[in-house]
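Heads up: the structure comes next, in structure tokens.
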Amino acid sequence: MATFSERLRELRKASGLTQKQLAQDLELAESTVSMYEQGSRQPDLELLTRITDYFNVDVNFLLGRIDAG
């Protein structure tokens, strides 16, 4: 199954967003999005909820626990 970092990158690219655009929309630093996608950093629960709301996906999909969002 996919990891959070893989799913985030997949969702961002499928939405046609750059890391910079996603960072701006989520009010994050571009480097933070980059670290999430590299797997070197994990979001806290509040940000995880914001990301799932932003992409309209289930948290379990975003975390790679299930294959359908």
Report in % the part of the accessible area of the chain that belongs to carbon and sulfur, leaving out ligands and nucleic acids; probe 1.4 Å. 45 percent
Roll a 1.4 Å probe over the protein chains and send me the accessible area per residue for the stretch 1-67 in Å². 60 Å²
Select from the chain the helices, each a whole stretch of DSSP H, whose alpha-carbon atoms run 30 Å or more along the helix axis and whose Kyte-Doolittle mean is at least -0.5; answer none if there are none. none
Give the shape of the stretch 1-56 as rounded, prolate or oblate, defined through the alpha-carbon gyration tensor: a ≥ b ≥ c are the square roots of its eigenvalues, a/c under 1.5 means rounded, and otherwise the shape is prolate if a/b is larger than b/c and oblate if not. rounded
What Kirkwood radius, in Å to one decimal, follows from the Cα pairs of the stretch 26-69? 11.0 Å
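The values are calculated or read from the model by the stated rules, or taken from the named source; none is laboratory data. Being a predicted model, the structure only gives us computed values, none of them experimental. Ligands, DNA and RNA are stripped out before the accessible areas are found, and what is left, the full protein with its side chains, is counted by its heavy atoms. Shrake-Rupley method; radii C 1.70, N 1.55, O 1.52, S 1.80 Å.
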